[in-house]
Amino acid sequence: MNRTDGISLQINISPSDYLLCRKLLQFQINFFYNHIDEVVLTIESKKSKGKRFGNNFNNYQDKLNLFLESLRNQFPKIRVVPVDYSPDAKKKVAKLFFSNTKFLPDKDFRGGPFYCYFFGLYSCAFQKILHLDCDMILGGDAKHWLTGAIKLLNDPSVAFVLPLSGPPTSEFNICQSYTKRLNRYTYVFDRFTTRVFLTDITKFTNHKLFLKLIKPNIKRIGRALLQQNFWEMPEVLITENIRRTKTYRVDYWGENDQQGCYSLHPVYKPASFIEFVPKLLEQVQNNKLPNVQKGNYDLIYEAFMTHTN
């Protein structure tokens, strides 16, 4: 039974992410470490087909394990949990999150992560879970954001609370389309992202998901045939679920102009970006961001490069 009196920080990692993790993972852990009760590093143990999700998987497995062991020595709250694909584990995970299946696919129709997302949440010791993908960048004030986000999560209609989508503009506007703006700092969405969110595990168990095949179109069917897998992505299933149950995702900065939190998502991660990550994090920590990035959730890499030259 998940404990109600703490927060799990849960991060999904694949060996393919090793080079980026060397630059970013310690920053992610440090950002929330003093305000959470455990760190669950969920390590992908099954390689995806193709280069997009499986590139260098085998080459970096041992290096990733050594790196994570060094982090465990620095951060005692870390638990490293390889994804368990055994039939018994998959049955338990399916039972917790899904209402129409005892079977869960390993990957989605693109070859992207599927089961590992739910296994990661299943592995957490605490009822409240703060999930990150290993490429997400956070800025701002973790402590005050978490306090306000937990208050929002107590509302039965709020299924997920996310940091503000992109660093704030002077008026805390965002470039993403949203359903409703509640106030200066808070936006409501009826669609979901698996990249970063705070939730309570009961938000899943009270409104279980449905496993679904993809809706066919030429591009999707082509990918699915290549992967020999026809299952829809988790974020699509969860989006359909919050719409069906009339619950919401909330993007939230904080309670005042100074103390809040935002997220940045690097869409493309070439070698040049990975080398740039330490400088990028320095700019984030010092709040020295190019103006064009403010309000934008997807990282505008070129703007940062121009900004530093």
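Listed here are the residues, each with its yes/no results for (1) more than 20 Å from I7 (Cα to Cα); (2) in contact with a Gly (Cβ under 9 Å, 6 or more places away or on another chain).
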position	(1), (2)
I150	no, no
L162	no, no
F172	yes, yes
N183	yes, no
R195	no, no
K208	yes, no
K212	yes, no
K215	yes, no
Taking the options S99, S123, name whichever one is over 29 Å from L164 (Cα atoms) and either out of contact with any Leu (no Cβ under 6 Å at 6 or more places or on another chain) or surrounded by fewer than 20 Cβ atoms within 10 Å (Cβ to Cβ) (or both). S99
Would you tally the residues in the range 234-268 being surrounded by fewer than 16 Cβ atoms within 10 Å (Cβ to Cβ) and within 20 Å of V292 (Cβ to Cβ)? 2
Among (1) of a type outside the set (F, W, Y); (2) closer than 30 Å to F109 by Cβ; (3) open to solvent by 10 Å² or more (accessible area, probe 1.4 Å), the one test that Q26 misses: (2)
Among the listed residues R243, R223, identify the single one that is among the basic types (K, R), in contact with a Lys or Arg (Cβ under 9 Å, 6 or more places away or on another chain) and modelled with pLDDT of 95 or more. R243
Going by the conditions given, is I7 among the β-branched types (V, I, T), open to solvent by less than 10 Å² (accessible area, probe 1.4 Å) and either out of contact with any Pro (no Cβ under 6 Å at 6 or more places or on another chain) or farther than 29 Å from K92 by Cα (or both)? no
The range 210-236 residues that are more than 14 Å from G111 (Cα to Cα), paired with ones that are open to solvent by 90 Å² or more (accessible area, probe 1.4 Å) (beta carbon under 8 Å, 6 or more apart): L211/F103
In the range 221-233, which residue that is in contact with a strand residue (DSSP E or B) (Cβ under 8 Å, 6 or more places away or on another chain) and not in a loop (DSSP other than H, G, I, E, B) is surrounded by the fewest Cβ atoms within 10 Å (Cβ to Cβ)? Q227
Every listed condition ((1) of a type outside the set (A, V, I, L, M, F, W, C); (2) over 20 Å from the mean Cα position of the chain (by Cα); (3) within 29 Å of H35 (Cα to Cα)) holds for K92 save (3)
Which ones in the range 280-293 are touching a Phe, Trp or Tyr at 6+ places or on another chain (Cβ under 8 Å) and either open to solvent by 60 Å² or more (accessible area, probe 1.4 Å) or more than 19 Å from Y185 (Cβ to Cβ) (or both)? L280, L281, Q283, P290
Count of residues meeting criterion [assigned to a helix (DSSP H, G or I) and under 23 Å from D251 (Cβ atoms)] in the range 263-277: 0
Kindly provide the set of residues from the range 159-205 that are β-branched (V, I, T) and either open to solvent by less than 10 Å² (accessible area, probe 1.4 Å) or in contact with a strand residue (DSSP E or B) (Cβ under 9 Å, 6 or more places away or on another chain) (or both), ordered by number. V161, I174, T179, T186, V188, T193, T194, V196, T199, I201, T202
Among the residues of the range 148-158, is any surrounded by 15 or more Cβ atoms within 10 Å (Cβ to Cβ) and acidic (D, E)? no
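Determine whether the range 201-215 contains at least one residue that is within 13 Å of L164 (Cβ to Cβ) and under 20 Å from the mean Cα position of the chain (by Cα). Steps first, please.
Filtering the range 201-215 down to residues within 13 Å of L164 (Cβ to Cβ) leaves none.
Checking the range 201-215: not a single residue is within 13 Å of L164 (Cβ to Cβ) and under 20 Å from the mean Cα position of the chain (by Cα).
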Within the range 37-66, of all residues that are within 27 Å of I129 (Cβ to Cβ) and of a type in the set (D, E), the one surrounded by the most Cβ atoms within 10 Å (Cβ to Cβ) is E44
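The values are calculated or read from the model by the stated rules, or taken from the named source; none is laboratory data. For clarity, every value in this text was computed on a predicted model and none was experimentally measured. Positions of Cβ are generated from backbone atoms using ideal geometry, with glycine treated the same way; all protein chains shown enter the neighbour counts. When the accessible area is computed, the model is the full protein with side chains, heavy atoms only, and any ligands, DNA or RNA have been set aside. Shrake-Rupley method; radii C 1.70, N 1.55, O 1.52, S 1.80 Å.
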